[in-house]
Structures are given as C-alpha cells and as structure tokens.
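In what follows, a single structure is set out as structure tokens and then discussed.
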Amino acid sequence: MNISQQRDTAVRPRARGTERSLARRAELIAIGRRLFADTSYDALSMDDIARQAHVAKGLIYYYFQSKRGYYLAIIQDSVADLVSFAAGGVELGQVDRVHRTIDSYLRYAEHNQAAYRTIVSGGVGFDAEVHAIRDGVREAIVATIADGAYGRTDIAPLARMGLIAWVCSVEGAALDWIGRLELSRATMRDLLVKSLGGTLRAIEELDPAYPAPPPARRDG
C-alpha cells in the first residue's frame, strides 16, 4: 500500500464520521424547527425538547453546547431558506420577484411565529447574535428590492435608508398580522407591495438619481 492509499484509508472513515455527524446535527435542527415553530424559547426546557425529539438530552448538548446554542442554530437554519429565496428568482420580472419575496417572507412569519417574534424583537433582552440574524434578513430583502428597482445593490445612503425603513415597517406589520390573521396572506402581500411603491416614489422625490420604476400591472 503506497502513501496515497494509506492516506485515503485514514481519511475515508473520518469523512464518513463527519457526514454522519452533519446529518445527525441537521436532523436535530429539523426537529427543533418543528418544536419551536409556535413555541417560545422559554416555554420549552431541555428535558421537554429531548423528550419530544425522542433523543438523549446529552446528544443536544454534544452538538450545540447549550439550549441557546441549539435555538440559535435553529433560527439560523430557518432564516437561511428565507434569505436564499429572497436572493433568488433573478429570472423573474421585477413585479413577480417582489411579490415572490414578500409572499415568502409572510409565509415564513405565518408558519414560524415564535421564531419570527424572536428574530424581530431581538431575543430575550439584548441578544447580539439574534440581532445579527435579523440584520442579515433585512439586508437580504433590501438587496433584493434594490436590485429589482434600480438594477444594482450598491445604492446611496438615502435610498438604502428608505428601503430599510420600509422593511422595518414590514416587520411591525407582520408581527401584528400573525397575531390577528384577519387578512389573507395574498391581501397582506398586496398591501405591502403598494406601500413599497410609495417608498420608492418618496426616494425618487428626495434623490432623482433613484427614479421609481413605472407602475406595472401584474396579471393574476
């Protein structure tokens, strides 16, 4: 057996172990996403989580070190889907892409209410890591809107602030919406799209270098 073969033999078992470890970690995160979808962080103890997940509590500590570490991993994983979805759809027209992004955002808030409230409120007290996750979502939404409206993501401070202000208003509106669910998601989406149009026109008025896209009719 040559040196290369010896190295391969030594690496393959470790690689298989790593793959199993990553798969097990992903499985625990998927379980946690279901458990915390509509349940707050404080409402579930580690014993509750282990019992409902049908795993030993020590296994969760092994992969995530603490309940907080586990919860942060769950939130990061769940919003990663939202962020990647917001950044995608570049092949779509501007109006369809905006509708798609806002609809996916509202769908996430609707189906992950406890996690959404944690992200928007910043967690228990001041949690810098949860704030960072929230800021990442905001920047992804702003980049998506800027790219659709202006064809680029590197926009001037005034335009960026206008879009950030709109995103923050969306967060507040979505919080109220999931607490009441008096409007359908489609109606809520259309309302937010209309308010975005107003924001884009306000940006244009203050900075003509960023003209608002012309209104477009969306069939269906």
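What follows is calculated from the coordinates using simple rules that are stated; it is not laboratory data. None of these values were measured; they are calculated from a predicted model. Cβ coordinates were reconstructed from backbone atoms using ideal geometry, including for glycine residues, and neighbour counts include every protein chain displayed.
Spin-label model, residue 193 to residue 37: label points 7 Å out along the Cα-to-beta-carbon direction sit 2.6 nm apart.
Rounded to whole numbers, the Karplus 3J(HN,Hα) couplings from phi for the range 172-189 are x, 5, 5, 4, 5, 4, 6, x, 10, 6, 8, 10, 5, 4, 5, 5, 4, 4 Hz, using 6.51 cos²θ - 1.76 cosθ + 1.60 with θ = phi - 60°, and x at Gly and Pro. In this Cβ point-charge picture (+1 for Lys and Arg, -1 for Asp and Glu), the range 24-94 has a dipole of about 320 debye about its Cα centre.
Only one residue of 179, 18, 197 has its Cα farthest out toward the positive end of the dipole of the range 3-206, where Lys and Arg carry +1 and Asp and Glu -1 on Cβ, and that residue is 18.
Rounded to the nearest Hz, the phi-derived 3J(HN,Hα) couplings of the range 43-50 under the Karplus curve 6.51 cos²θ - 1.76 cosθ + 1.60 (θ = phi - 60°) are 7, 10, 8, 5, 5, 4, 4, 4, where x marks glycine and proline. In a fully extended conformation the segment linking residue 24 and residue 62 would gain 12.6 nm over its present Cα-Cα distance, using 0.36 nm per residue. Length available on full extension from residue 161 to residue 92: 0.36 nm per residue minus the Cα-Cα distance, which gives 22.3 nm. Derived scalar couplings between HN and Hα for the range 53-66 equal 7, 6, 9, 6, 4, x, 5, 5, 5, 4, 8, 10, 6, 7 Hz in order, rounded to whole Hz, by the Karplus curve 6.51 cos²θ - 1.76 cosθ + 1.60 (θ = phi - 60°), x for Gly and Pro. Mean projected area of the convex hull spanned by the Cα atoms of the range 3-206, taken over all viewing directions: 15.5 nm². Between residue 169 and residue 50, full extension at 0.36 nm per residue minus the direct alpha carbon distance yields a gain of 39.1 nm.
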